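Mind having a look at this structure? Questions to follow.
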Amino acid sequence: MDEPRLEIRLINSLDEVSAEEWNAVANPPSESYDPFLSWQFLQAMEESGAASPETGWAPHHIIIEQVGRGLCGAMPLYLKSHSQGEFVFDHSWADAYERAGGRYYPKLLSAVPFTPVTGRRRLVRPGPDAARISEALLAAAVKIAADNDISSLHINFLTGEEALRLDTAGLLIRTDQQFHWKNDGYESFDDFLNALSSAKRKNLRKERRRAQEGLTFRHITGSDITEDHWDVFYEFYMDTGARKWGSPYLNRETFSLLGERLADDILLIFAEEVGEPIAGALNMIGGDRLLGRYWGTFSARPMLHFETCYYQAIDFAIERGLKTVEAGAQGGHKLARGYVPETTYSAHWIAHEGLADAVGEYLGRERQMVEREADFLRERTPFKKDG
């Protein structure tokens, strides 16, 4: 019996598919829910102009349909004119290629804009032909790059299982690390503290007391989030973004759209002094994960960042029974707060054979370095040691 024919298309806006169709492949019941892959999130990036040709994030999503079955596969894909907002740094590759007379940009990127969170990138509806559809998505992405003289294809923040499959398919695999908090069945923050060594436990308690002095902390989610909350948080976001990135990625409309569409997936944490917010953190709730994204403050109080972003997130995760808190990219300072190193993965296809060989050699050395550093850090977590 012949396999159903696949029809592959490139779309320049998620408005070209329905939310129901996209979400059926992005978040099928068999997979842990990922709000960043939802039509509501990705389309909000486009509608608000945060991810657009004008910002260097031109949508070029691949979709695959089967006759009589509708959308069965998709791959979020962007034509990038720079490498900003990706959290997987390839600036040195671009510089080397352009010094040699090549043209690195534009490049193709499969990722969630401005979001260093591990998740699926080849979105396929479960079924007996899932592997064939997944292979077709990768082949289509590589063909788009090759046929249009595009230097490279990058797939960022893959799962480890997907990285293995793409390694087998011939892509170059890169590793890095983040720091995640793991819920070992804790019923309270004190339960978590009791898992730490005595010295670290005392340090964390001292940090929390210092940070909380004179403040109250509010957890706001669902229909309790208002436009007034977004007004305040946007000020926090703009202040942090201007200092860290120079040009913040999101705009005020982005937050309104997210609040309108994904309120139940959002946790805002506000630190308040005499009823007025002085700091805030934005988190997304996905499946059994709490995913920290942005924070900001009007106050330079000591330890306020740790309390608002890390300890309050742990409180919420324990209350909700969530298994993991992922507090964003980088940050070795998270280790002392009970966040342990986790490997992250990306995959890369480079058209130019010489550049691909050079990058491949570099990535081999880099993977060894990342693994050694992770081993070193795991020996130095604040948790009690056996024996």
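Name the single residue, out of those in the stretch 62-76 being at pLDDT 95 or above and of a type outside the set (Gly, Ala, Ser), that is farthest from the chain's Cα centre (by Cα).
Glu65
Among the residues that make up the stretch 4-14, is at least one of them under 23 Å from Leu250 (Cα atoms) and hydrophobic (A, V, I, L, M, F, W, C)?
yes
Give me the strands (runs of 3 or more DSSP E) completely within the stretch 269-387, filtered to those with at least 3 residues that are of a type outside the set (Lys, Arg) and more than 17 Å from the chain's Cα centre (by Cα), ordered by residue number.
276-286, 340-350
Need the failing condition index for Asn156 against (1) open to solvent by 30 Å² or more (accessible area, probe 1.4 Å); (2) outside any helix (DSSP H, G or I); (3) polar (S, T, N, Q), just the number.
Only one criterion in (1) open to solvent by 30 Å² or more (accessible area, probe 1.4 Å); (2) outside any helix (DSSP H, G or I); (3) polar (S, T, N, Q) is unmet by Asn156, namely (1).
Restricting to the stretch 324-361, count the residues that are of a type outside the set (S, T, N, Q), over 20 Å from Leu172 (Cα atoms) and out of contact with any strand residue (DSSP E or B) (no Cβ under 7 Å at 6 or more places or on another chain).
Adding up the residues that qualify gives 4.
Let me ask you something else. Taking Gly214, is it farther than 15 Å from Ile266 by Cβ, in contact with a strand residue (DSSP E or B) (Cβ under 7 Å, 6 or more places away or on another chain), in a loop (DSSP other than H, G, I, E, B) and not β-branched (Val, Ile, Thr)?
yes
A further question on this structure: If only one of Ala351, Ala281 is small (Gly, Ala, Ser), touching a Gly at 6+ places or on another chain (Cβ under 7 Å) and surrounded by 15 or more Cβ atoms within 10 Å (Cβ to Cβ), which one is it?
Being small (Gly, Ala, Ser), touching a Gly at 6+ places or on another chain (Cβ under 7 Å) and surrounded by 15 or more Cβ atoms within 10 Å (Cβ to Cβ) holds for just one of Ala351, Ala281, which is Ala281.
Sticking with this one: Filtering the stretch 229-268 down to residues that are of a type in the set (Gly, Ala, Ser) and assigned to a helix (DSSP H, G or I), which residue is modelled with the lowest pLDDT?
Filtering the stretch 229-268 for residues that are of a type in the set (Gly, Ala, Ser) and assigned to a helix (DSSP H, G or I), the one modelled with the lowest pLDDT comes out as Ala242.
Okay, moving on. Considering only residues that are under 16 Å from Thr115 (Cα atoms) and touching a strand residue (DSSP E or B) at 6+ places or on another chain (Cβ under 7 Å), look in the stretch 76-89 and name the one that is most open to solvent (accessible area, probe 1.4 Å).
Residue satisfying both the conditions and the ranking: Phe87.
Further question: Return the residues of the stretch 192-221 that are among the acidic types (Asp, Glu), in contact (Cβ under 8 Å) with a residue 24 or more places away in the chain and open to solvent by 60 Å² or more (accessible area, probe 1.4 Å); say none if nothing qualifies.
Matches in the stretch 192-221: none.
The conditions are (1) of a type in the set (Asp, Glu); (2) in a strand (DSSP E or B); (3) surrounded by 18 or more Cβ atoms within 10 Å (Cβ to Cβ), and Glu7 fails exactly one of them. Which is it?
Of everything listed in (1) of a type in the set (Asp, Glu); (2) in a strand (DSSP E or B); (3) surrounded by 18 or more Cβ atoms within 10 Å (Cβ to Cβ), Glu7 misses just condition (3).
The values are calculated or read from the model by the stated rules, or taken from the named source; none is laboratory data. Here the structure is a predicted model, which means the values were calculated and not measured. Please note: Cβ atoms are built from the backbone with ideal geometry, for glycine as well, and neighbour counts cover all protein chains shown. SASA here: full protein model, heavy atoms, side chains in, ligands and nucleic acids out. Shrake-Rupley method; radii C 1.70, N 1.55, O 1.52, S 1.80 Å.
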